[in-house]
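Working notes for the structure below.
Nothing in this text is a laboratory measurement; each read-out follows from the coordinates by a stated rule. No experiment lies behind these values; they were computed from the predicted model shown. Here the Cβ positions follow ideal geometry from the backbone for every residue, glycine too, while neighbour counts run over all protein chains shown.
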Amino acid sequence: MALLIKKGRVIDPASGTDDVLDILIEDGKIKDLQKKITRPKTAGVEQIDAAGLIVVPGLIDMHTHLREPGYEYKETIQTGSWAAAAGGFTTIVCMANTNPVNDNASVTNFILDKAVKEACVNVLPVGSITKELKGELLTEIGELKEAGIVAVSDDGVTVKSAEVMRRGLEYARSFSVPVICHCEESDLAAGGVMNEGVTATYLGMRGIPPLAEEIIIEREIALSAWTGQPVHIAHVSTAGSVRIIREAKARGIMVTAETAPHYFSLTEDAVVSFKTDTKVNPPLRSREDMAAVKAGLQDGTLDVIASDHAPHSTLEKDVEFDNAAFGMIGLETSLPLALALVHDGTLTLSQMVEKYTLNPAKILQIDKGRLCPGADADITLIDIDSEFTVDRDSFRSKSRNCPFHGWHLKGRAVYTIVSGTVAFSLKN
């Protein structure tokens, strides 16, 4: 089966392309990109009229939680992939904090086998740095890489011991495995449920200070410089973190970083509602922090936008705020929220696309995120002017913990194509 995408505005940061082009897909690969491609006379050629649409490399979300194995009542590899496709993502990277933890090849193999059988997008697993995320014994990173992981991370907790983290970085370096760092000093953050500051005091809630994030980022950058192993900082939320990363990059240290849409769309003021969907880790921060995150995206300090999709059931969320689980879902709102930065002039369209395609592909060292002959036909078609109201009850995700329910947004994916097959169409 062949597919011809006609007259879309193709934006590919990898090649610098921004032009109205046709794209021909055959056998799951991009066959050709030209100003005008005549429809092949062979039978079985589908055609998509992309006039007025933006055509970009398939979006990559390098930070998701699919919950399988162990927490299938919250999300599964199948339902998470459906949500990803609806959000425009052709590739998603799932963290290791499952049950059992993805700390050995058998769990990695389980995830990959499930993905082949049930997922409609590419699912790439992350292995843990330490056994059972306990921060004590290193995993067999070489064995995990051979099984198919694309990175290691103890996301959800920080490797508490600097010595263990140092050895983990050295071990990862020997196998050229990317390291994703969850940065939170556990003693400073202990018992906190929201950002430390005036709002937390007003609400009578225990706060998590920005310093809890920043002090570990400083540590990971220092360890990166010492070991020569690049580090990727997850879910950056504070002005201080952006400054630290910016300064480290200026010194030539091999650090990259991501933020999530909720850190440039919401502030701690949202917690005043006491809605537990606003409880995330790291917490929603101040207006000054949000402005710094936007500036970091604009100047390239923050390389990637990732959802940190964290599904929870009503069992974990329909409780008192102090007792609720941290996390919100984001696969189906990530792109529209990021497009708001394009509409308000914070980012150009090309800059935004780069943070969802080329940059995560480079960090993860995967052959994705580009449009050229021979590349995998993973493609997202976006209508940047399509206006809609977020309805979490219509989500493909199994969970509903979304604080953006009822928001009016502009721009979304209308086609998600994975290996030449339409995995999602807004028309269906």
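With each pseudo-label sitting 7 Å past Cα toward Cβ, what's the V319-E72 distance in nm, one decimal?
Modelled inter-label distance: 2.3 nm.
Quick one: the Cα spread of the range 289-340 along its three principal axes, in angstroms, biggest first?
Reported extents, whole Å, longest axis first: 40, 23, 16.
Along the charge dipole of the chain, which of L133, T267, G148 sits closest to the positive end, that is, farthest toward it, with unit charges on the beta carbon of Lys, Arg, Asp and Glu (+1, +1, -1, -1)?
G148
Only residues of the range 119-134 count here: report those whose backbone N is under 19 Å from the spot 7 Å along Cα→Cβ of S174, or say none.
In the range 119-134, the label zone of S174 (backbone N under 19 Å from the point 7 Å along Cα→Cβ) covers 127-131.
With springs connecting C-alpha atoms under 10 Å apart, model the chain as a Gaussian network and identify which of M205, M352, M62 has the largest mean-square fluctuation.
In the Gaussian network model the winner is M205.
Can you give the charge dipole size of the chain about its Cα centre, rounded to the nearest 20 debye, using +1 on the beta carbon of Lys and Arg and -1 on the beta carbon of Asp and Glu? Please report the intermediate quantities before stating the final value.
Numbers: 43 positive and 58 negative charges, 197 e Å.
Dipole size: approximately 940 debye.
How much length is gained on full extension from T421 to D49, taking 0.36 nm per residue of separation minus their Cα-Cα distance? Walk me through the intermediate numbers first.
Working: separation 372, 0.36 × 372 = 133.92 nm, distance 1.56 nm.
Stretched fully, the T421-D49 segment lengthens by 132.4 nm.
In debye, nearest 20, what is the charge dipole magnitude of the range 199-267 about its Cα centre with +1 on Lys and Arg Cβ and -1 on Asp and Glu Cβ, if you could check?
The dipole magnitude comes to about 100 debye.
Listed highest first by mean packing, meaning other Cβ atoms within 10 Å per residue, what order do 157-163, 168-174 come in?
Details: 157-163: 16.7, 168-174: 19.3.
Descending packing order for the listed peptides: 168-174, 157-163.
Could the peptides 147-153, 246-252 be put in order, highest first, of the mean number of other beta-carbon atoms found within 10 Å of their residues? Before the final figure, lay out each step's value.
Working: 147-153: 23.3, 246-252: 13.9.
Final packing ranking: 147-153, 246-252.
Once each part is reduced to its C-alpha centroid, what is the distance from the range 104-175 to the range 299-351 in angstrom?
23
From the cross-link list K29/K117; K6/K368; K29/K74; K35/K355, which pairs have alpha carbons spaced over 29 Å apart? Intermediate results must be reported in sequence, preceding the final value.
Numbers: K29/K117 21 Å; K6/K368 22 Å; K29/K74 34 Å; K35/K355 26 Å.
Flagged as over cut-off: K29/K74.
Given springs between every Cα pair under 10 Å in a Gaussian network model of the chain, which of L302, L339, L409 has the largest fluctuation?
L409
Between K29 and V116, what is 0.36 nm times their sequence separation minus the Cα-Cα distance? Round to one decimal in nm.
Numbers: separation 87, 0.36 × 87 = 31.32 nm, distance 1.82 nm.
Here the segment from K29 to V116 would lengthen by 29.5 nm.
If you build the convex hull over the alpha carbons only and average its shadow over all orientations, what do you get for the chain? Give it in nm² to one decimal. Please list the in-between numbers first.
Working: hull surface 76.0 nm².
So the Cα hull casts an average projection of 19.0 nm².
To the nearest 0.05, how large is the calculated FRET efficiency for T348 and S15 if R₀ is 22 Å and r is the Cβ-Cβ distance? Don't skip to the answer; put the middle values down first.
On the way: r = 16 Å, r/R0 = 0.73.
Result of the calculation: an efficiency of 0.85.
Which chymotrypsin sites (Phe, Trp or Tyr not before Pro) in the range 253-290 pass both tests, a DSSP loop state and at most 15 other beta-carbon atoms within 10 Å?
Details: sites: Y263, F264, F274; in loops: F274.
Qualifying residues, ordered by number: F274.
Quick check on the chain: helices-only [θ] at 222 nm, where DSSP H runs of length 4 and up contribute -39,500 (n - 2.57) each and the sum goes over total residues. Nearest 500, please. Walk me through the numbers before you get to the answer.
On the way: 14 runs with 131 residues, N = 428.
Mean residue ellipticity at 222 nm (helix-derived): -9000 deg cm²/dmol.
Taking R0 as 22 Å, what's the FRET efficiency between R400 and V157 from their Cβ-Cβ distance, rounded to 0.05? Mind dumping the intermediate values first?
Numbers: r = 26 Å, r/R0 = 1.16.
With a Förster radius of 22 Å, E is 0.30.
Label points 7 Å out from Cα along the Cβ direction at L137 and T42: separation in nm?
5.3
With a cap of 15 neighbouring Cβ atoms within 10 Å, and only residues DSSP puts in a loop, list the trypsin sites (Lys or Arg not before Pro) found in the range 105-140.
Numbers: sites: K114, K117, K131, K134; in loops: K134.
The qualifying sites are K134.
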